[in-house]
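Got a structure here, written out as structure tokens. Questions coming.
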Amino acid sequence: MSEAPAASLAAKSPFELRVHLGDAVPEQSVRDALASGDMGFVHSYTTGSAVDGPGVRVVAWTTGCMWRCQYCHNPDTWTLTNGIPVSVERAMEELGKYRHGLKIMSGGFTLSGGEPLMQHRFAAKLFAAVKQSGIHTTIETNGFYGDRLSDAELGTIDLVMLGIKTFDPARHLALTGKDNGPTLAFARRLAARGRPMWIRFVLVPGLTDDLDDLAKTAAFAAGLGNVERVEVLPFHQMGRFKWERLGLPYALGATEPPTPESAERACEVFRKAGLTAH
Ligand code: SF4
């Protein structure tokens, strides 16, 4: 499988719409890449992020996601072959350019998506290599395929930022198209192993702001004992154009971002459970 030119990987932000970049890759090569993890599909990478883990981060945005969150702001990452094929070596080469700066700024490398564990062999190989080079590692994941990583592989990830979408199973199914059982099981496994975790919670008026459901999420998170912080992320409309350009039916066209007061109210629910939330 051949790789794309270096310039096409860098993006100003993951909000750049990217489609069909890996369409030329033969199906067998896609299967081989997924099985070996020597090659992955990457939407883009961005530098200088201060919101995707501790310090300043280089973030690689992978393609492929098994969920269909109604509020997803990057639906172009759902399809694996919308991404650019990139080898682990090439990814390390790109990251190597920033190693020194990341150390100075107490930052590191974050693998996000899409859902990075759709390409769990690639994620495992990349994290092993990044960790080996002395750079702090973080994954942003919905946790659905968390059981695909071995305990040893989990050991190469310094921080897991786990997206918990909502607690009620029926509401979760309606919101994402999938069951939240595997995500919660992954959270429990991380807790049992004492692995550092942040929780990300997207606050969407009318969808995820039910106070009773929030309290259940907070009680679950607080009971784990390994949650260092909770990030309440206000829903926004920045990804709307992608739904429209991709011809996907977007259900949240009339949904407003939450008010600062309701975001604060949600944070308070987590704080009351004993967690740090902002
Ligand atoms: S898990 Fe993330 S990438 Fe996947 S559909 Fe939901 S918001 Fe989008």
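Being surrounded by fewer than 19 Cβ atoms within 10 Å (Cβ to Cβ) and either touching a His at 6+ places or on another chain (Cβ under 9 Å) or more than 26 Å from Pro75 (Cα to Cα) (or both) is the filter here; which residues of segment 160-180 pass it? Steps first, please.
Kept after step one, since they are surrounded by fewer than 19 Cβ atoms within 10 Å (Cβ to Cβ), are these residues of segment 160-180: 168-171, 173-174, 177-179.
Passing the criteria: Lys178, Asp179.
One residue is enough: does segment 260-268 have a residue meeting the conditions touching a His at 6+ places or on another chain (Cβ under 9 Å), over 22 Å from Phe144 (Cβ atoms) and at pLDDT 95 or above? Reasoning before the result, please.
So in segment 260-268, the residues touching a His at 6+ places or on another chain (Cβ under 9 Å) come out as 267.
Those still in the list that are over 22 Å from Phe144 (Cβ atoms) too: 267.
Of the ones still in play, those that are also at pLDDT 95 or above are 267.
Yes, segment 260-268 contains at least one residue that is touching a His at 6+ places or on another chain (Cβ under 9 Å), over 22 Å from Phe144 (Cβ atoms) and at pLDDT 95 or above.
State whether one or more residues within segment 89-105 are surrounded by 21 or more Cβ atoms within 10 Å (Cβ to Cβ), at pLDDT 95 or above and of a type in the set (A, V, I, L, M, F, W, C).
No: zero hits.
Okay, next question. I want to confirm something. Restricting to segment 130-141 and keeping residues that are closer than 17 Å to Phe186 by Cα and not acidic (Asp, Glu), which single residue is farthest from the ligand (Cβ to nearest atom)? So that I can check it myself, show each step before the final result.
As a first pass, look at segment 130-141 and keep what is closer than 17 Å to Phe186 by Cα: 138-141.
Restricting the remaining residues to those that are not acidic (Asp, Glu) gives 138-139, 141.
Numbers: Thr138: 15, Ile139: 13, Thr141: 8 Å.
Within segment 130-141, the match that is farthest from the ligand (Cβ to nearest atom) is Thr138.
On to the next question. Can you tell me which residue is surrounded by the most Cβ atoms within 10 Å (Cβ to Cβ) among those in segment 112-124 that are away from the ligand (no atom under 11 Å from the Cβ) and not hydrophobic (A, V, I, L, M, F, W, C)? Spell out the reasoning first.
At the first step, the residues of segment 112-124 found to be away from the ligand (no atom under 11 Å from the Cβ) are 119-124.
With the extra rule that they be not hydrophobic (A, V, I, L, M, F, W, C), the set shrinks to 119-121.
Values: Gln119: 28, His120: 19, Arg121: 20.
Among those that are away from the ligand (no atom under 11 Å from the Cβ) and not hydrophobic (A, V, I, L, M, F, W, C), it is Gln119.
Out of segment 47-78, which residues are free of Cβ contacts under 8 Å to residues at least 40 places away in the same chain and more than 14 Å from the chain's Cα centre (by Cα)?
Gly48, Ala50
Ok, one more. Run down Phe109, Phe144, Phe127 and say which single residue is within 28 Å of Lys242 (Cα to Cα), buried (at least 19 other Cβ atoms within 10 Å of the Cβ), in contact (Cβ under 8 Å) with a residue 24 or more places away in the chain and away from the ligand (no atom under 16 Å from the Cβ).
Numbers: Phe144 fails: away from the ligand (no atom under 16 Å from the Cβ); Phe127 fails: within 28 Å of Lys242 (Cα to Cα).
Selected residue: Phe109, the only one of Phe109, Phe144, Phe127 that is within 28 Å of Lys242 (Cα to Cα), buried (at least 19 other Cβ atoms within 10 Å of the Cβ), in contact (Cβ under 8 Å) with a residue 24 or more places away in the chain and away from the ligand (no atom under 16 Å from the Cβ).
Output the number of the condition that Arg200 fails; it satisfies all remaining conditions of (1) outside any strand (DSSP E or B); (2) under 17 Å from His278 (Cα atoms).
Answer for Arg200: the failing condition is (1).
Same structure, new question: For segment 253-264, indicate whether the set of residues that are part of a helix (DSSP H, G or I) and either within 21 Å of the chain's Cα centre (by Cα) or touching a residue at least 24 places away in the same chain (Cβ under 8 Å) (or both) is non-empty. Walk me through how you get there before you give the answer.
So in segment 253-264, the residues part of a helix (DSSP H, G or I) come out as 260-264.
Pick out the ones that are also either within 21 Å of the chain's Cα centre (by Cα) or touching a residue at least 24 places away in the same chain (Cβ under 8 Å) (or both) and you get 262-263.
Yes, that holds for at least one residue.
Return the residues of segment 201-238 that are within 19 Å of the chain's Cα centre (by Cα), in contact (Cβ under 8 Å) with a residue 24 or more places away in the chain and surrounded by fewer than 19 Cβ atoms within 10 Å (Cβ to Cβ); say none if nothing qualifies. So that I can check it myself, show each step before the final result.
Going through segment 201-238, the residues within 19 Å of the chain's Cα centre (by Cα) turn out to be 201-204, 208, 217, 221, 226-238.
Subset that is in contact (Cβ under 8 Å) with a residue 24 or more places away in the chain: 201-204, 208, 217, 221, 226-236, 238.
Passing the criteria: Asn226, Glu228, Arg229, Glu231, Leu233, Pro234, His236, Met238.
From the list Thr63, Thr81, which residue is modelled with pLDDT of 95 or more and within 16 Å of the ligand (Cβ to nearest atom)? Before the answer, list the steps.
On the way: Thr81 fails: modelled with pLDDT of 95 or more.
So the residue among Thr63, Thr81 that is modelled with pLDDT of 95 or more and within 16 Å of the ligand (Cβ to nearest atom) is Thr63.
How many residues does segment 144-161 hold that are of a type outside the set (Lys, Arg) and not in a loop (DSSP other than H, G, I, E, B)?
Taking segment 144-161 as the starting set, the residues that turn out to be of a type outside the set (Lys, Arg) are 144-147, 149-161.
With the extra rule that they be not in a loop (DSSP other than H, G, I, E, B), the set shrinks to 146-147, 151-154, 159-161.
Residues that pass the stated criteria total 9.
Being within 12 Å of Arg57 (Cα to Cα), of a type outside the set (Val, Ile, Thr) and assigned to a helix (DSSP H, G or I) is the filter here, so list the residues in segment 101-143 that pass it.
Quick first cut of segment 101-143, residues within 12 Å of Arg57 (Cα to Cα) only: 101-112, 135-139.
Checking the rest, the ones that are also of a type outside the set (Val, Ile, Thr) come to 101-103, 105-109, 111-112, 136.
Gly101, Leu102, Lys103, listed by residue number.
In segment 147-189, which residue that is more than 13 Å from the ligand (Cβ to nearest atom) and β-branched (Val, Ile, Thr) is nearest to Arg200 (Cα to Cα)?
In this case the residue turns out to be Val160.
Could you list, in sequence order, the residues of segment 45-102 that are over 17 Å from His20 (Cα atoms) and touching a Cys at 6+ places or on another chain (Cβ under 9 Å)?
Hit for segment 45-102 is Cys72, nothing else.
Moving to a separate point now. Would you pick out the residues in segment 5-40 that are of a type outside the set (A, V, I, L, M, F, W, C), surrounded by 12 or more Cβ atoms within 10 Å (Cβ to Cβ) and either modelled with pLDDT of 75 or more or not in a loop (DSSP other than H, G, I, E, B) (or both)?
Selection gives Ser8, Arg18, Gly22, Ser29, Asp32, Ser36, Gly37, Asp38, Gly40.
The values are calculated or read from the model by the stated rules, or taken from the named source; none is laboratory data. Note that this is a predicted model, so its numbers are computed, not measured. Positions of Cβ are generated from backbone atoms using ideal geometry, with glycine treated the same way; all protein chains shown enter the neighbour counts.
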